[in-house]
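Some notes on the structure that comes next.
The values are calculated or read from the model by the stated rules, or taken from the named source; none is laboratory data. Since we're looking at a predicted model, the values are computed, not measured. Here the Cβ is made from the backbone with ideal geometry for all residues, glycine too, and neighbour counts use every protein chain on show.
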Amino acid sequence: MAQSSDAEAPAAAPAAPAQPQGMTEYAAAVVNDEIISTYDLAQRMRLLIATTGVQPSEQTLPQIQQEALISLVDEALQFQELRRVEQEQNFSIIASDEDVDEELAEMAAGNEMTPEQFTSMLQSQGVLASLREQLRAQASWQRWIQGRYGSRLRIGDDQVQAVLAQQAAQASRPQFQVSEVFIDAARVGGMDTALRGGEQLVAQMQQGAPFQAVARQFSAAPTAAAGGDAGWIGPGEMPAEVERALEQMRPGQLSQPIPVSDGVYIVYLRDKRSGAGATLVNLKQAAIGLPAGSDPSVVAATRARLMALRAQITGCGDLETVASGQEGVVAGDLGEAEIGDLAPAFRAAAESLEVGQLSEPIRTDAGMHIVAVCGKRATGADQPTAELVERRLFFQQLGLIARRYMRDLRNSATIETR
C-alpha cells in the first residue's frame, strides 16, 4: 500500500462525542479515588480522532473510547506516582507549562506551522487542553523513568558483541527501514482485543490515516514518541514473527496485524536494502520457446540458431534490436536482481560474465536462452557500530522497564470503570 503522508496536522473536528448540554457530568472511571469524568473521556476521544485521522464509526468508536480511557487511566496513575515521588524526595519531576509549550512548538514545526497557528487550530477543535495534559504526562514520565533507571542501566560489552556477532553472521540477509505500532495485549485486555484493535487500525490507515499519527496515539512501543520510527533494523532486532512478515513485504507496504507473545505488531516497510556482500546484476535475454522433453535434434537446431544470433549481437545496446528481427525469438530486459535469487543456470552466467558479455545458450524447462550482463554492482549496508547497538539495547531495556512499572501500578491500583 502506498502510505499516506506522515504529516500530523489534526483533521477537521468531526462529529465527535461530547458531553450533551444540560446533562450532569459523571465518572467514567475512578483511579485510587481520583475521578476521570465523562467530559475528560469525551475530550480525549476528540483528541484521538483529530490527531490520528481515524474516522469515528460504529466499528471504530469502541476502540477509540477504549484507548482514550486506558490512556487517561495510565496518566492518572503516572501523575499519582510522580506526586508521591516528588513529596518523598522533595524535587520536581512533573513537566511545567513551559516544558509543554516546547513540546507543542516541536509538533507545530512538524506540521509546518507556528506555535500560535498550531495552538489556535487545536483550540478551535476543542482538544488543546487534553493534548497539553497528554504531553505533560508523557514528558514527565519519560523524565522520571530515564532519571531513575537510566543511570543504573548498564549494557555490557558482551551483550553488544553478541548482537554484532549475530548480525555479522547474517550480514547477507536484507535490512529493513521500518515504522511500527505495538499493541500491548496486557494493556488493552487480552490478545483477542489487541488483534481486533490492530485490524481496525490497519483498515483506517488503508483509508488514509497517517501511520505516524496513529503510532503516536495507539502504540505501546518506545518508538511511539517518534511516530513509530524504528529506523533500519537487521536480523534479530525484532520478533521472529515480524521478521518473517517483513521478508515477504515490498517497500511502501503496510502489514496486517502480526501476533507475537505479548501483543500485536503492525509494521510499515518504508525501504529495504540488500545485505552486505550482495551483488545486483541487470540482465537482458533473447529466447526461443522449447518445451521440456523436446527431440534432441530440435534442441540442437535451436541451439545453433541462438549461436548464430549471438554472433550478430555486440552487447546490451543492440540485443533487443537484432533479436526482434528473428522469427520465434523473444527478447527483453529482465531488470535488476540479486545474483543469489536467480535460477541456477542464469546465476552461473551472471557470476562468470563481465558487463557487456553474452552467455552461451542456456537450456531451461521453458526454452533456450542467451543472456547479456548489462550491469553489475555490489551493494549492502555497513554493519551498525557498537555505539549504535548499545544505544538500541539501552532504549529497548528502558522501554521494558517502563512497561513493567506501569503494569505494577495498574495491578496495585483500585480502578473502577463505569
Per the filter on region 289-300, residues surrounded by 13 or more Cβ atoms within 10 Å (Cβ to Cβ) and either in contact with an Asp or Glu (Cβ under 8 Å, 6 or more places away or on another chain) or within 15 Å of ILE370 (Cα to Cα) (or both) are LEU290, VAL299
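Of everything in region 304-343, what is of a type in the set (Gly, Ala, Ser) and over 44 Å from the mean Cα position of the chain (by Cα)? Give them in sequence order.
Hits for region 304-343 are ALA304, ALA308, ALA311, ALA323, SER324, GLY325, GLY328.
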* Could you say whether any residue in region 66-74 is in contact with a helix residue (DSSP H, G or I) (Cβ under 9 Å, 6 or more places away or on another chain), closer than 25 Å to MET107 by Cα and among the hydroxyl-bearing types (Ser, Thr, Tyr)? -> yes
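The rows are residues; the columns are (1) out of contact with any strand residue (DSSP E or B) (no Cβ under 6 Å at 6 or more places or on another chain); (2) in the same structural domain as GLU237 (by TED's automatic domain parsing); (3) modelled with pLDDT under 90; (4) surrounded by fewer than 16 Cβ atoms within 10 Å (Cβ to Cβ).
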| residue | (1), (2), (3), (4) |
| --- | --- |
| VAL127 | yes, yes, no, no |
| ARG132 | yes, yes, no, no |
| ARG148 | yes, yes, no, yes |
| GLN167 | yes, yes, yes, no |
| SER172 | yes, yes, yes, yes |
| GLU180 | no, yes, no, no |
| ARG196 | yes, yes, no, no |
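Within region 69-111, take every residue that is touching a residue at least 40 places away in the same chain (Cβ under 8 Å) and outside any helix (DSSP H, G or I) and give me the one that is farthest from LEU47 (Cα to Cα). Give the steps one after another, and end with the answer.
Our first condition is that a residue be touching a residue at least 40 places away in the same chain (Cβ under 8 Å); within region 69-111, this holds for 69-82, 85, 93-95, 99, 107, 110-111.
Subset that is outside any helix (DSSP H, G or I): 93-95, 111.
Details: ILE93: 25, ILE94: 22, ALA95: 20, ASN111: 16 Å.
So, considering only residues that are touching a residue at least 40 places away in the same chain (Cβ under 8 Å) and outside any helix (DSSP H, G or I), the one farthest from LEU47 (Cα to Cα) is ILE93.
Quick check on GLN66: is it assigned by TED's automatic domain parsing to the domain that holds GLY228 and either among the small types (Gly, Ala, Ser) or within 18 Å of PHE211 (Cα to Cα) (or both)?
no
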Here the residues within region 167-201 that are in a strand (DSSP E or B) and of a type in the set (Ser, Thr, Tyr) are SER179
When region 32-63 is checked residue by residue, the ones that are under 20 Å from ALA194 (Cβ atoms), of a type in the set (A, V, I, L, M) and not in a loop (DSSP other than H, G, I, E, B) are MET45, LEU48, LEU61
Only one of PHE394, PHE346 is aromatic (Phe, Trp, Tyr) and in contact with a Gly (Cβ under 9 Å, 6 or more places away or on another chain), namely PHE394
From the option list PRO291, PRO251, single residue qualifying as closer than 30 Å to ALA349 by Cβ, at pLDDT below 95 and not assigned by TED's automatic domain parsing to the domain that holds GLN166 is PRO291
What about THR38, is it among the β-branched types (Val, Ile, Thr), out of contact with any helix residue (DSSP H, G or I) (no Cβ under 9 Å at 6 or more places or on another chain) and modelled with pLDDT of 90 or more? yes
Can you spot a residue in region 311-332 that is of a type outside the set (A, V, I, L, M, F, W, C) and either in the same structural domain as ARG173 (by TED's automatic domain parsing) or closer than 29 Å to PRO174 by Cα (or both)?
yes
Residue hits (region 294-306; of a type in the set (Val, Ile, Thr) and without any contact (Cβ under 8 Å) to a residue 40 or more places away in the chain) are VAL298
If we keep only residues of region 243-276 that are surrounded by 16 or more Cβ atoms within 10 Å (Cβ to Cβ) and of a type in the set (Ser, Thr, Tyr), then the residue farthest from GLY228 (Cα to Cα) is SER274
Does region 336-345 contain at least one residue that is in contact with a strand residue (DSSP E or B) (Cβ under 9 Å, 6 or more places away or on another chain), at pLDDT 90 or above and hydrophobic (A, V, I, L, M, F, W, C)? no
- Message: Suppose the filter is more than 22 Å from LEU280 (Cβ to Cβ), surrounded by fewer than 16 Cβ atoms within 10 Å (Cβ to Cβ) and in contact with a strand residue (DSSP E or B) (Cβ under 7 Å, 6 or more places away or on another chain); does GLY315 pass it?
- Response: no
